[in-house]
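Below: one structure, written as structure tokens.
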Amino acid sequence: MAVYQTLSLYEFEQEFRDFGRDYYSKEAYSYLYDLLDSDNAELDVISVCCDWTESDTDELWDNYGYMVGGGELTDDGLDALIEELQARTTVVRLQSSAFLIASF
């Protein structure tokens, strides 16, 4: 017999803290919570951390800028990078100007 528990957003965030994986902003936690909730998914903290990375603009450029030639970060370069990433994976731009990137 399987036992399921419905978590609030606070409890969802707490699960990550309990695993020592408090990697996300409040906004990112909210997005991931809604995503998993809409799929009626079982929470696997480690899997979520392997599947999703939150990055600010500079981190995004440092990690993936090579995909569009690298160099100095510009608005056009960032737009090209986001377009390139979206062709390969899911990119979520958060209101805080951070990004959630699904692993690919």
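Placing +1 on the Cβ of each Lys and Arg and -1 on the Cβ of each Asp and Glu in the chain, which of LEU60, ALA2, ALA87 has its Cα farthest towards the positive end of the resulting dipole? Working it through, the farthest residue towards the positive pole turns out to be ALA2. Note on the chain: with charges restricted to the Cβ of Lys and Arg (+1) and Asp and Glu (-1), its dipole about the Cα centre is near 200 debye. For region 51-104, GluC sites (Glu not before Pro) meeting the loop criterion (DSSP other than H, G, I, E, B) and having at most 15 other Cβ atoms within 10 Å: GLU72.
Put simply, when 23-30, 86-93, 11-18 are sorted by average Cβ atoms within 10 angstrom per residue, most first, you get 23-30, 11-18, 86-93. Just so you know, the Cα atoms of the chain work out to an Rg and Dmax of 15.5, 56 Å. A crude spin-label estimate for the pair ALA80 and PHE104, with each label 7 Å from Cα along the Cβ direction, gives 1.6 nm.
A short reminder: the numbers here are calculations on the coordinates, not readings from a lab. This is a predicted model, so every value here is computed, not measured. Heads up, the Cβs are rebuilt from the backbone with ideal geometry, glycines too, and the neighbour counts pull from every protein chain shown.
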